[in-house]
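Some notes on the structure that comes next.
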Amino acid sequence: MYYGWVHNSYGAARQAAHAATDAESSARRAENAMARLEDAIERQTLIIRSLLEVCSRKGVFTEDEFREIVTEVDLSDGRLDGKYKPQLGPQQCANCGKTNGKRAVTCMYCGNPLDGRELV
Ligand SMILES: [Zn+2]
């Protein structure tokens, strides 16, 4: 009887330790994924900022003109929220007829560009 209680307690403690280890691993993976995303965003910000600077220096457009265009594009998805998030659904490929995911730009089966999908 006593041995059974000790045995069950030991098993529960092992399960709890295992669950804690799994949770730590999940948290570490999430932190790593977030760090990679932050790095990617910072690199993209650098590139966009550099392109904007080149265009401004070469007289292609001013930063104010660029901001107007950003607002137009922002509004084109139906919301002025500082983001561009068009509402897309699955799309059938005109070439092979297979259905592709809502974010696909080209057909994942045959590589055909999908109509109306933008690169960015
Ligand atoms: Zn296709």
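Within the stretch 1-85, report the trypsin sites (Lys or Arg not before Pro) that DSSP leaves as loop and that have at most 12 other Cβ atoms within 10 Å.
Details: sites: Arg14, Arg28, Arg29, Arg36, Arg43, Arg49, Arg57, Lys58, Arg67, Arg79, Lys83; in loops: Lys58, Arg79, Lys83.
Answer in residue order: Lys58, Arg79, Lys83.
Label-point separation (nm) for Asp64 and Thr106, each offset 7 Å from Cα along Cα-to-Cβ?
4.2 nm
Averaged over every viewing direction, what's the projected area of the C-alpha convex hull for the chain? Give it in nm², one decimal, please. Numbers along the way, then the final one.
Numbers: hull surface 55.6 nm².
In nm², the orientation-averaged hull projection of the chain is 13.9.
Stretch Asp77-Thr99 to full length: gain in nm at 0.36 nm per residue minus the Cα-Cα span? Can you show the working numbers first?
Values: separation 22, 0.36 × 22 = 7.92 nm, distance 2.31 nm.
Difference between extended and current length: 5.6 nm.
Work out the charge dipole of the chain with +1 on the Cβ of Lys and Arg and -1 on the Cβ of Asp and Glu about the Cα centre, then indicate which of Val54, Ala16, Ser26 is farthest towards its positive end.
Selected residue: Ala16.
With θ set to phi - 60° and the Karplus curve 6.51 cos²θ - 1.76 cosθ + 1.60, what are the ³J(HN,Hα) couplings of the stretch 80-96 in order, to the nearest whole Hz, using x for Gly and Pro?
With the stated coefficients, the stretch 80-96 comes to 8, 9, x, 9, 10, 9, x, 7, 10, x, x, 10, 8, 6, 5, 8, 10 Hz.
Loop only by DSSP, 13 or fewer other Cβ within 10 Å of the Cβ. Give me the GluC sites (Glu not before Pro) in the stretch 33-120 that pass, ordered by residue number.
Details: sites: Glu38, Glu42, Glu53, Glu63, Glu65, Glu68, Glu72, Glu118; in loops: Glu118.
Here the GluC sites (Glu not before Pro) that fit, given the DSSP loop and packing criteria, are Glu118.
Measuring from centroid to centroid over Cα atoms, what is the spacing of the stretch 48-118 and the stretch 7-43 in Å?
35 Å
Quick note: the coordinates plus some simple rules give every number you see, no bench work behind them. What you see is a predicted model, and the numbers here were worked out from it, not measured in a lab. As a convention, Cβ positions derive from the backbone with ideal geometry for all residues, glycine included, and neighbour counts pool all protein chains shown.
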